[in-house]
Each structure stands twice: as structure tokens, then as C-alpha cells.
């Protein structure tokens, strides 16, 4: 079959031939229609993600949309190595697929789920959101951040604060407050935490996270009974590490937790994907993407990290 193949860690995949998968008991071969290129896929292909394997020589892609042997359209998650989603066919466990309603296109299902699953899981499993909550999104201008805004609103957030480096992009989003990560950001962040923030969804970590956490904890040790701030770490595109004072956790109500592979059971990730897809049409969820044929995998890999690409192995446009 034709596929994108990671021959060497740290290099873009190459379009070419790869052996076809063969299903064993409990497995299903999916004919792929849409395969998203997400930060986790890039990290795995570079050998830098915490779930990366030891060797190259595999088809990348951790999720996708396609048809099963019975012709049903399904979203599938965590294909079995080495047959990721960026090939004409992928191999998955029978229990790693959920159906897609007829009124949602392949590309929309792929884009919404890959962009929105992190925040859906965070706000349903890790820190369920209460109606009327205030949510701050660090990295709001990315594809995942854009979906987080929609999902937080869906679960009842009434005030959403977007944090990012591009004020023009922030201005285009459905937000109550916008904070550009410039020299004035620290004061603006403190003002928002003084006003009250219930949940932080952080997609970028690194230096921006240090500034958000500093604002969330500054001068709060003496405020008895102050509401807790639940800080959910979801991605590390701005850096893998931060400097964190121990007393910022001891002296405040800040709760720091992660959400992702390992902190959430796989069955919950799949169940969340099914819930998200089922709610998509009713809630009006959508995520802008650029769709390219699989032959253009190199172009997608070299493209802007602000653009979410979906690759189509067989030129599907549904």
C-alpha cells in the first residue's frame, strides 16, 4: 500500500510503499479517508514524545477516519504499530473505533476530534466544568485552543480568557478577554486571576506557563478560603520544562494536573471521542483545517504549526 513512512527519527516522513496490514483476532483493518497531523504525531515521528517507540520504520498517525470491512464510517484511535493512520490502510483493535453520524463529513470528524479530544477529556474526566465557570486557555490561537473555546462554552463557561502571542488571531476568537504574551501580560494575567479563574487549560507550557502560574499564585498565600484554580497541562509546544517554586503550591489553592495518554485510561479516551463526535452537529463544533493528499505529506510537515492539516490517502473529500 501507499503510505507516509518515518524512516529516520527527526526527518519528515516519505511517501512510498509499505507492507499491508494483516488482521488477527480482535483486530480490524480500516481503509483510511482522513488522517490528522497533530503535535503528538509530530512528536512521535521525531522520537521526542514520551510515548515514542525505540525504532523508526513505521507509518505515523495516532487517529483517523475511515471505513471498516462492513463499509461503516468510523473514527479510530491508536492504530497498532507500525500501521499508523497515514497510509491507505491502518490496523486497529476492534474496541478502538466509534461510529460517525452521516451528517458529519470525514474531514470535519477528524479535525474536531483530533483538535478537541484533549479539552473534552480534561473538562469531563480530569476536572469537570461547572456552569458559570471562568476558563483561561494558554495557547488559545492554536487548533486545540480554538476547539477548547467551543468545548468550554458547550459545558457552560461564561467567561473565557484567551492567552497567546498573536493579538490579531485572538481578536478573531469568541472570547471575553484577550491577553497577548508581551511585556504587559503579567499585569493582565494577575488582574484576571484577581477577578477569578476556575480552570486553566494549558496547551503550550514553557515560559508562558511560568508566567501564568506566577500570576495565579502571586500574593495569594494570605487569602484564606480563596477558590482553587485547577491548572490542566495538555501540551508542551513552547517548552518541556518550567521553573516552579515549591511554595507556590503549598501556599495557594493551585491544583496542577495533566491530562493525556497515561493519566487517562484508554477506554475513557475512546469514550470521550465518541461523545465529542456525537455532540458535534448539535453543538456546532468545527475546526478549520487544510486538507492535502497523502502524497503532499512533506508539504504538510513543513507547513505552519498554526495550521492543522488533514491528509487524505485516497483523495476523499466527503
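The values are calculated or read from the model by the stated rules, or taken from the named source; none is laboratory data. For clarity, every value in this text was computed on a predicted model and none was experimentally measured. FYI the Cβ positions are ideal-geometry reconstructions off the backbone, even for glycines, and counts take in every protein chain you see.
For the range 150-174, filtering for residues that are buried (at least 22 other Cβ atoms within 10 Å of the Cβ) and within 23 Å of residue 191 (Cα to Cα) leaves 7. Can you name the condition, by its number, that residue 305 falls short on among (1) outside the structural domain of residue 66 (by TED's automatic domain parsing); (2) within 23 Å of residue 117 (Cα to Cα); (3) assigned to a loop (DSSP other than H, G, I, E, B)? The single condition residue 305 does not satisfy is (1). Listed by position, the helices (runs of 4 or more DSSP H) contained in the range 171-252 that have at least 1 residues being without any contact (Cβ under 8 Å) to a residue 60 or more places away in the chain and within 30 Å of residue 286 (Cβ to Cβ) are 185-195, 206-217. Within the bounds of the range 238-247, is there any residue that is surrounded by 15 or more Cβ atoms within 10 Å (Cβ to Cβ), assigned by TED's automatic domain parsing to the domain that holds residue 170 and within 18 Å of the chain's Cα centre (by Cα)? For the range 238-247, residues surrounded by 15 or more Cβ atoms within 10 Å (Cβ to Cβ), assigned by TED's automatic domain parsing to the domain that holds residue 170 and within 18 Å of the chain's Cα centre (by Cα): present. Checking residue 143 against (1) within 27 Å of residue 309 (Cβ to Cβ); (2) more than 21 Å from the chain's Cα centre (by Cα), which test does it fail? With (1) within 27 Å of residue 309 (Cβ to Cβ); (2) more than 21 Å from the chain's Cα centre (by Cα) applied to residue 143, the lone miss is (2).
Conditions (1) touching a residue at least 12 places away in the same chain (Cβ under 8 Å); (2) within 17 Å of the chain's Cα centre (by Cα); (3) surrounded by 21 or more Cβ atoms within 10 Å (Cβ to Cβ), marked per residue:
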| position | (1), (2), (3) |
| --- | --- |
| 257 | yes, yes, no |
| 271 | no, yes, no |
| 277 | yes, yes, yes |
| 286 | yes, yes, no |
| 300 | yes, no, yes |
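Could you tell me whether residue 211 is within 26 Å of residue 252 (Cβ to Cβ), out of contact with any strand residue (DSSP E or B) (no Cβ under 8 Å at 6 or more places or on another chain) and either buried (at least 22 other Cβ atoms within 10 Å of the Cβ) or not assigned by TED's automatic domain parsing to the domain that holds residue 37 (or both)? Yes; evaluated as a whole, the condition is true for this residue. The lone criterion from (1) under 26 Å from residue 303 (Cα atoms); (2) in contact (Cβ under 8 Å) with a residue 40 or more places away in the chain left unmet by residue 100 is number (1). Please work out which one of (1) surrounded by 24 or more Cβ atoms within 10 Å (Cβ to Cβ); (2) modelled with pLDDT of 95 or more is the condition residue 45 fails and give its number. Here residue 45 clears every test but (2).
Evaluation of residue 61 against the conditions (1) buried (at least 24 other Cβ atoms within 10 Å of the Cβ); (2) assigned to a strand (DSSP E or B) shows that the sole unmet condition is (2).
Can you tell me how many residues in the range 25-46 are assigned to a loop (DSSP other than H, G, I, E, B), over 13 Å from residue 85 (Cα atoms) and in contact with a strand residue (DSSP E or B) (Cβ under 9 Å, 6 or more places away or on another chain)? Before the answer, list the steps.
Taking the range 25-46 first, the residues assigned to a loop (DSSP other than H, G, I, E, B) are 25-26, 38.
Among the residues that remain, those that are also over 13 Å from residue 85 (Cα atoms) are: 25-26.
From what's left, in contact with a strand residue (DSSP E or B) (Cβ under 9 Å, 6 or more places away or on another chain): 26.
Adding up the residues that qualify gives 1.
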